[in-house]
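Novice: The structure follows.
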Protein chains: 4
Amino acid sequence: MYSNKIQKLIDLFSRFPGIGPKVAGRFVFYLAKLTDKEVKELANAILEVKNSLRPCGFCFKLFEPSEAQSNLCEICSDNSRDRTILGVVEKEADLVSIEKNKPHKGIYFILGETPSSFKQENMKSLKVKELKQRIEKAKAFGVAADFKEIILALNPTIGGEAATLYLERELKDLNKKITRLGRGLPSGGELEYADRETILSAFKNRK
Amino acid sequence: MYSNKIQKLIDLFSRFPGIGPKVAGRFVFYLAKLTDKEVKELANAILEVKNSLRPCGFCFKLFEPSEAQSNLCEICSDNSRDRTILGVVEKEADLVSIEKNKPHKGIYFILGETPSSFKQENMKSLKVKELKQRIEKAKAFGVAADFKEIILALNPTIGGEAATLYLERELKDLNKKITRLGRGLPSGGELEYADRETILSAFKNRK
Amino acid sequence: MYSNKIQKLIDLFSRFPGIGPKVAGRFVFYLAKLTDKEVKELANAILEVKNSLRPCGFCFKLFEPSEAQSNLCEICSDNSRDRTILGVVEKEADLVSIEKNKPHKGIYFILGETPSSFKQENMKSLKVKELKQRIEKAKAFGVAADFKEIILALNPTIGGEAATLYLERELKDLNKKITRLGRGLPSGGELEYADRETILSAFKNRK
Amino acid sequence: MYSNKIQKLIDLFSRFPGIGPKVAGRFVFYLAKLTDKEVKELANAILEVKNSLRPCGFCFKLFEPSEAQSNLCEICSDNSRDRTILGVVEKEADLVSIEKNKPHKGIYFILGETPSSFKQENMKSLKVKELKQRIEKAKAFGVAADFKEIILALNPTIGGEAATLYLERELKDLNKKITRLGRGLPSGGELEYADRETILSAFKNRK
């Protein structure tokens, strides 16, 4: 139905998260209607983001180095952050959501997306070794931190729970205080519709 | 369009929770297709539930007295329950949801549905006076209880939060331990999509 | 969790169209909060609808006879209706929806809900024999009609289509004009999202 | 929260049809995880689609010219199409949906997206003048067509209906047969849930 070049771009957009071929097709028609200048601006922005972003040498968050030699992201190099608390999150989007609400004054480590099952071999894609290195010798990575608490801020999904258990075991020997996020009823939630685990944790964590 | 009798029944069904006139109409046609026996069974079941149910003299849960003189529901009269903990819930459906998951070994008190706003005058429909009486003199209501903890198991909705604050103030003089349900990420929740209150409580209640 | 009487009523409500046990439970609590008078009103309305409704002797629509001896519904006995056109519908709710919009001046026949598959044995539950009798000898059923057109106003679902084909074959020998409802794009529909059958009929039925 | 370059790309993606800033953010993180080669492939595909696509000289469909001098899309230059029928559609996505189902053997004209209201001044963005020119002198645009029927295959939305009325008036003097798509119940639709316009057209267009 579509020419090769359109189909190729539809295929590439179809790999974007949450995008199917129908929406990908609408993207292509949207692009075709832009001016040459606007399309070049988009293509350049895509290349620049890729070229100018670099994973932080400590936390792996993508950042845009302000100076050529800088190795640390704006959070890791911000001296006003509390360098005794390390928040371990699954992915950049979780970090952004946390930062927007400011419940965490410490710094972060991005572990990688957790698997959707409990199998231990699935934990291999997580940056557990890198996390341990950073907790043990933060300074070697350019951060003058001495962690007193490691918050395992993983999501209470199946994979996040499995990874939390796995990390608790893996980090035990470091002798740090290891915490998990509070579990219970979310804002606006109702007991009548809550699942078993949430009801159990709401009662267990009452205070 | 419909005859008076059909319209009347459609109107009555339209008052059922969550039912609009279209679904109410389907109910009527459903009934019209039942046998006489089935329709009588339904009408009787409706009358019987109303006639045979009575609010528990202590907790206000509806129950079906096994003997004519009994005044307490099956939970309040169950000697194996922990009579040192009182769970205050908004409505019967919350109690049922909790009981199904068994996180609570104590007994209950049904406060009434909380208002959808913070206004104090809206608190008048709640059975606060009755709650106080039961905490102070449980025995006068037939329950040999001596409460050490009052769990305010209200929902973290706007009304539930307002009622929780209100109850904390109202119950302060009773000198009981007053707790709230744990707040935080629900099972399966994700930081990326969580609202501000939930993220704040997840970090605050970490452990 | 619930007493026998509550559970019994929950079971009965769970048989209502589209109602699951959770909503059925809410119905019961709703009833328990009504006054005695209101509950009796509901039970009576249910019994009365059943007792006072009768299927029309011609079209099978449920109606409330105004006089004890009347056998025909208000549509079949309305002399201003066009008795040369018979609209065959699946169910009362379709008839109500048509009447509300007044595209049809003729009278009706309610065939019964069509099966969800094409199998011919599933057609047995439809009132095909009764339909034929009424087309051939309307007067014997109390309606002074001489049909020139039979509109098969069945829904374009799998079962409705199968029943339409079946009826066309069954009614052929009666030598009446037999029509189907127009097929095509519905109001507000879009070609981009329409299914194959709808696009084909929209082009085929262009005019 | 995000660096300038990330925010810029988020803004550009947020202009894509149906994409908000949250999904746009996920797109950026998705891109950042691709290899350099993959990102370049995407940027090039975007530029190429824009550079290599050209609107067809007759129907305005975007196409990829196979030879530098070609001016007509693959449909307009396909000699097996019926050049006596012209299908006027709103947008490329409608054309693609029609072509997939093959109800139309003629050629097309893309009119432009119809306004969401009935106001006549909103019709100015439609290519009505261009349509007239092509109907009158198709050969001047490189297509050896002699149209006997103009199918106004616009969507039965408010804007599509308004544009159809407007076109019927504008094209009247050309003395061509002008048709509209069939209106009625879509495949799978039910009378019970259909809107007024659809029920009226289903009865009116019965046959």
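Novice: How high is the relative contact order of the range D:1-114, in percent, with contacts defined as C-alpha pairs under 8 Å that are six or more residues apart? Write out the running numbers ahead of the final one.
Specialist: Numbers: 109 pairs, mean separation 18.8, N = 114.
Normalised by residue count, the contact order of the range D:1-114 is 17 percent.
Novice: A follow-up question, please. Using a Gaussian network model on chain B with a 10 Å cutoff between Cα atoms, which of B:Ile178, B:Ile46, B:Ile151 fluctuates the most?
Specialist: B:Ile46
Novice: Please calculate how many Å² of accessible area the range B:142-207 carries per residue, with a 1.4 Å probe and no DNA, RNA or ligand atoms counted. Could you put the intermediate results ahead of the total?
Specialist: Details: 2890 Å² over 66 residues.
Ligands and nucleic acids excluded, the figure is 44 Å² per residue.
Novice: Give the aspartates and glutamates whose C-alpha is closer than 12 Å to that of B:Lys8, dropping any in the same chain fewer than 8 places away, or say none.
Specialist: B:Lys8 reaches C:Glu41, C:Glu48.
Novice: Within 10 Å of each Cβ in peptide D:91-103, how many partner chain Cβ atoms are there on average? Round it to a whole number, please. Please list the in-between numbers first.
Specialist: Working: counts 5, 9, 8, 6, 3, 7, 10, 7, 1, 3, 10, 4, 8.
Partner-chain Cβ atoms within 10 Å, mean over residues of D:91-103: 6.
Novice: For the protein assembly as shown, give the share of DSSP beta bridges that are antiparallel, in percent and rounded to the nearest 5; count only bridges with both residues there. Can you show the working numbers first?
Specialist: Details: 8 of 60 bridges.
Around 15 percent of the beta bridges assigned by DSSP in the protein assembly as shown are antiparallel ones.
Novice: Share of Cα-Cα pairs in the range D:160-207 beyond 12 Å, in percent? The partial results should precede the final answer.
Specialist: Values: 777 of 1128 pairs.
For the range D:160-207, the share of Cα pairs beyond 12 Å comes to 69 percent.
Novice: Sequence gap at least 6, Cα distance under 8 Å: using those rules, report the relative contact order of the range D:68-207 to the nearest whole percent. Walk me through the intermediate numbers first.
Specialist: Working: 173 pairs, mean separation 31.0, N = 140.
Reported as a whole number, the value is 22 percent.
Novice: How big is the A/D interface in buried accessible area, both sides summed, 1.4 Å probe, to the nearest 100 Å²?
Specialist: Counting both chains, the buried surface is close to 4700 Å².
Novice: With no solvent and one equal point scatterer placed on each C-alpha of the range D:110-158, evaluate the Debye formula and give log10 I(q)/I(0) for q = 0.14, 0.30 Å⁻¹, two decimals.
Specialist: Treating every Cα as an identical point scatterer, log10 I(q)/I(0) equals -0.44, -1.20.
Novice: At a 1.4 Å probe, what is the % contribution of carbon and sulfur to the accessible area of the range C:1-111? Present the calculation step by step, with values, prior to reporting the outcome.
Specialist: Numbers: 2450 of 4850 Å².
Exposed carbon and sulfur together represent 51 percent of the surface.
Novice: Please sort by residue number the trypsin sites (Lys or Arg not before Pro) in the range B:1-103 whose DSSP state is loop and whose Cβ has at most 14 other Cβ atoms within 10 Å. Working shown, then result.
Specialist: Details: sites: B:Lys5, B:Lys8, B:Arg15, B:Lys22, B:Arg26, B:Lys33, B:Lys37, B:Lys40, B:Lys50, B:Lys61, B:Arg81, B:Arg83, B:Lys91, B:Lys100; in loops: B:Arg15, B:Lys61, B:Arg81, B:Arg83, B:Lys91.
Passing sites in the range B:1-103 are B:Arg15.
Novice: Please report which chain A residue places its beta carbon nearest the axis carrying chain A onto chain D, with the distance rounded to a whole angstrom.
Specialist: Spelled out as residue then distance in Å, it is A:Ala43, 2.
Novice: Can you list the residues in the range D:141-167 whose accessible area drops by at least 40 Å² when all protein chains are present, compared with the chain alone? Use a 1.4 Å probe, heavy atoms only.
Specialist: With the partner chains in place, the range D:141-167 has these residues losing at least 40 Å²: D:Asn155, D:Pro156.
Novice: Averaging over every viewing direction, what projected area does the convex hull of the Cα atoms of the range D:1-65 cover, in nm²?
Specialist: Working: hull surface 23.0 nm².
Dividing the Cα hull surface by four gives the mean projection, 5.7 nm².
Novice: Can you give the convex hull volume per residue for the Cα atoms of the range C:17-152, as a whole number of Å³? Numbers along the way, then the final one.
Specialist: Numbers: hull volume 21.7 nm³, N = 136.
Dividing the Cα hull volume of the range C:17-152 by its residues yields 159 Å³.
Novice: Another question about this same structure. If I model the protein assembly as shown as equal point scatterers sitting on the Cα atoms and use the Debye formula, what is log10 I(q)/I(0) at q = 0.08 Å⁻¹?
Specialist: -1.04
Novice: Please give the calculated 222 nm ellipticity per residue for chain C, where each DSSP H segment of at least 4 residues contributes -39500 (n - 2.57) and the sum is spread over every residue; nearest 500 deg cm²/dmol?
Specialist: -12500 deg cm²/dmol
Novice: Give a quick list of GluC sites (Glu not before Pro) in the range C:11-113 that DSSP marks as loop, anything other than H, G, I, E or B, with at most 12 other Cβ atoms within 10 Å. Spell out each step's value before the answer.
Specialist: On the way: sites: C:Glu38, C:Glu41, C:Glu48, C:Glu67, C:Glu74, C:Glu90, C:Glu92, C:Glu99, C:Glu113; in loops: C:Glu67, C:Glu74, C:Glu90, C:Glu113.
Those satisfying the criteria are C:Glu67.
Novice: Running a GNM on chain A with Cα contacts under 10 Å, which residue among A:Thr35, A:Thr84, A:Thr157 ends up with the highest mean-square fluctuation?
Specialist: A:Thr35
Novice: Right, another one. Got the relative contact order for the range D:105-180 handy, in percent, Cα pairs under 8 Å and 6 or more residues apart?
Specialist: Working: 68 pairs, mean separation 24.6, N = 76.
Dividing the mean separation by the residue count of the range D:105-180 yields 32 percent.
Novice: Of the candidates A:Phe27, A:Phe58, A:Phe141, which one comes out as most mobile in a Gaussian network treatment of chain A with C-alpha springs shorter than 10 Å?
Specialist: Looking only at A:Phe27, A:Phe58, A:Phe141, the largest GNM fluctuation is found for A:Phe27.
Novice: For the range C:94-136, taking Cα atoms only, what is the radius of gyration to one decimal and the Dmax to the nearest whole Å?
Specialist: My reading of the Cα-based Rg and Dmax gives 12.8, 34 Å.
Novice: Next up: Normalised radius of gyration for the range C:87-207, please: alpha carbon Rg relative to 2.2 N^0.38 Å, two decimal places. If you can, show how the numbers build up before the last one.
Specialist: On the way: Rg = 15.4 Å, N = 121, 2.2 N^0.38 = 13.6 Å.
Its radius of gyration relative to the 2.2 N^0.38 Å reference: 1.13.
Novice: Additional query: Under a 1.4 Å probe, what is the accessible area of the range D:39-103 per residue, stated in Å²?
Specialist: Values: 2670 Å² over 65 residues.
Per residue, the range D:39-103 has an accessible area of 41 Å².
Novice: Using the Cα atoms as the points, what is the convex hull volume per residue of the range B:67-108 in Å³? Intermediate values should be presented prior to the final figure.
Specialist: Working: hull volume 3.7 nm³, N = 42.
Convex hull of Cα atoms, per residue: 88 Å³.
The values are calculated or read from the model by the stated rules, or taken from the named source; none is laboratory data. Worth saying up front: this structure is predicted, and the values here are computed from it rather than measured. Cβ: placed from backbone, ideal geometry, glycine included. Neighbour counts: every protein chain shown. All accessible areas refer to the heavy atoms of the entire protein, side chains included, with ligands and DNA or RNA removed. Shrake-Rupley method; radii C 1.70, N 1.55, O 1.52, S 1.80 Å.
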